[in-house]
Amino acid sequence: MIVLFTDFGADDIYVGQMRAALVRDAPAGTAIVDLLHSVPNFDARAAAHLLAALACQFPAETIFLAVIDPGVGGARDAVILEADGKWYVGPDNGLLSVVAARAKQIRIWCIVWRPQALSASFHGRDLFAPVAASIAAGQLPVDKIEATGKLDVHFGPDDLPQVIYVDHYGNALTGLRASNVPREATIEAAGHRLRYARVFADAPDGSAFWYENSSGLVEIALSRDSAAAQLGLKIGDVLKVIAS
């Protein structure tokens, strides 16, 4: 299975081209899963925390083709990461670093191969997709990579006390793992202080709250309304956890 995680936008021209490259190069019958194409634009740090949370839902041997790459065509490296039995292919700009920092076992390679037909601005299609397809075929492309053992850009394993994604309901996902936040704590966001509720049904209509979402992250929500609109939340807003 190859899982796509990008900021390309589902309605633009890029996802289809990348999927076409995978269909061309990956073994017949390889499942291609569109995990998310509305990752916050250009935001490798937010994306790194979102990817680390979402990847937990997938089995070993899954290949994540992750492309949030504002530095495409520049000096940043292209890498393969194997972390606890899952594979990640993408730019070395911090995007894969939270997964790497939290994993028990990792291996890292720099992709030194460049195809003859390589767009300077679309490495997702021309570089990362063919490499992901090779891994899906069970063939780590040893002639195209060099073991490096490290990433150049590190965000570290710690949680990120910020809003990292807003879904179409207006719920604000954060970079805080709920297991690290006491249920008695208050979370302050955009000047609002929010208490914990287990699920939407436990919160009074019209009241904002925080809860543990299905990916294990702290999420800020408003029963039957948009928390982002009503509270003025946006990507990058800093949160404060206040112990009771």
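Things to note:
- Near GLY94, the amide H atoms lying under 5 Å from its own belong to VAL153; only residues 5 or more places off or on other chains count, and H is placed 1.01 Å from N.
- Taking θ as phi - 60° and the Karplus parameters 6.51, -1.76 and 1.60, the scalar couplings of the range 227-244 work out to 5, 4, 6, 6, 9, x, 8, 8, 3, x, 4, 7, 10, 10, 9, 10, 5, 6 Hz in sequence order, x denoting glycine and proline.
- Proximity of backbone amide H atoms, modeled 1.01 Å from N, is registered between PHE64 and VAL3, TRP87, TYR88, VAL89 at under 5 Å, excluding neighbours fewer than 5 places apart on the same chain.
- Backbone geometry of the range 137-150 corresponds, through the Karplus equation with coefficients 6.51, -1.76 and 1.60 at θ = phi - 60°, to 3J(HN,Hα) couplings of 7, x, 10, 4, x, 4, 7, 10, 9, 9, 5, 10, x, 8 Hz, x marking Gly and Pro.
- Couplings 3J(HN,Hα) for the range 62-71, derived from phi with the Karplus relation 6.51 cos²θ - 1.76 cosθ + 1.60 (θ = phi - 60°), are 4, 10, 9, 9, 10, 9, 10, 9, x, x Hz, where x marks Gly and Pro.
- Judged by the gyration tensor of its Cα atoms, with axes a ≥ b ≥ c, the range 2-147 is rounded; a/c sits under the 1.5 cut.
- Packing-based ranking, highest mean first, of 226-232, 124-130, 149-155 given that Cβ atoms within 10 Å are counted: 124-130, 226-232, 149-155
- Each part reduced to its alpha carbon centroid, the range 182-209 and the range 79-128 end up 37 Å apart.
- Residue-averaged [θ]222 nm for the chain, counting only DSSP H segments that reach four residues, each worth -39500 (n - 2.57): -5000 deg cm²/dmol
- Shown for TYR88, TYR169: other C-beta atoms within 10 Å of each C-beta, ranked fewest to most, produce the order TYR169, TYR88.
- Note on ALA120/HIS192: beta-carbon distance plugged into 1/(1 + (r/R0)^6) with R0 of 41 Å gives a FRET efficiency of 0.40.
- Percent RCO, i.e. relative contact order, over the chain, from Cα pairs under 8 Å lying at least 6 residues apart: 18
- As a proxy for reagent exposure, ranking ASP34, ASP167 by other Cβ atoms within 10 Å from fewest up yields ASP34, ASP167.
- GNM flexibility winner over the chain from ALA172, ALA147, ALA100 (Cα, springs under 10 Å): ALA147
- Partner lysines for LYS86 [C-alpha distance under 20 Å; skip if fewer than 8 residues away on the same chain]: LYS104, LYS144, LYS150
- Cα-based shape type of the range 165-241, given that a ≥ b ≥ c are square roots of the gyration tensor eigenvalues and the cut on a/c is 1.5: rounded
- Under the shape rule built on the C-alpha gyration tensor, where the axes satisfy a ≥ b ≥ c, the chain is prolate, since a/c reaches at least 1.5 and a/b is greater than b/c.
- Order of TYR165, TYR196 - criterion: other Cβ atoms within 10 Å of each residue's Cβ, fewest first: TYR196, TYR165
- Comparing SER223, ASN213, ALA178 along the charge dipole axis of the range 160-242, the residue lying farthest to the positive side is ALA178, per the Cβ-charge model.
Values in this text are rule-based calculations from the coordinates and carry no lab data. Just so it is clear, the model here is predicted, and its values are computed rather than measured. With ideal geometry, Cβ positions are generated from the backbone for all residues, glycine too; neighbour counts draw on all protein chains shown.
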